[in-house]
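**Q** Sharing a structure below in structure tokens format, with a few things to ask.
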Amino acid sequence: LAAFISALYTKDFDLMSRSLVDEIVEPIRSLLIPEFEKLKKSAIEAGALGFGISGSGPSVYALANGIQDTNAIADSMRSNINQVGIDFEIHISAINNQGIKILSSK
């Protein structure tokens, strides 16, 4: 986590990629996600800095540097998931660089 945070501050994308590797949980949890390895490989080949499981799954994420790579990664993932024939949604979001804030109060 420290490496990832440092990479965000310094824009060191190689460090960011290395810090997104999960050698503990991913090998086991990925078995529960259809075509996980194929999705990961295609996302990385399309330009993802990293790819992994969000929380305990089955959601996955890819981190990209810029909208052009982001769209290529989304297209690659969409193509692969369509072949599996399961329902899915792809969400594209920028990283929040403003920090936390209250959106509404009761």
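**Q** Name the pairs whose Cβ atoms lie under 7 Å apart, with the first residue in the range 10-38 and on the phi > 0 side of the Ramachandran plot, the second in a helix (DSSP H, G or I) and exposed (fewer than 14 other Cβ atoms within 10 Å of the Cβ), and 6 or more positions between them or separate chains?
**A** Partner pairs satisfying both residue conditions: Glu35/Val84.
**Q** While we're on this one: State whether one or more residues within the range 75-93 are outside any helix (DSSP H, G or I), among the charged types (D, E, K, R) and under 15 Å from the mean Cα position of the chain (by Cα).
**A** yes
**Q** Does Ser56 qualify as being in contact (Cβ under 8 Å) with a residue 12 or more places away in the chain and not in a helix (DSSP H, G or I)?
**A** Answer is yes for this residue.
**Q** Kindly provide the set of residues from the range 1-20 that are surrounded by 13 or more Cβ atoms within 10 Å (Cβ to Cβ) and not in a helix (DSSP H, G or I), ordered by number.
**A** Asp12, Leu20
**Q** Right, another one. Just give me the residues in the range 21-48 being open to solvent by 30 Å² or more (accessible area, probe 1.4 Å) and outside any helix (DSSP H, G or I), in sequence order.
**A** Within the range 21-48, Val21, Asp22, Glu23, Ile24, Val25, Pro34, Glu35 qualify.
**Q** Out of everything in the range 27-57 that is more than 13 Å from Ser76 (Cα to Cα) and among the hydroxyl-bearing types (Ser, Thr, Tyr), what residue ends up being modelled with the highest pLDDT?
**A** Ser30
The values are calculated or read from the model by the stated rules, or taken from the named source; none is laboratory data. Predicted, not measured: the structure shown is a model, and the values here were computed from it. Cβ coordinates were reconstructed from backbone atoms using ideal geometry, including for glycine residues, and neighbour counts include every protein chain displayed. Calculation scope for accessible area: heavy atoms of the full protein, side chains included, ligands and nucleic acids excluded. Shrake-Rupley method; radii C 1.70, N 1.55, O 1.52, S 1.80 Å.
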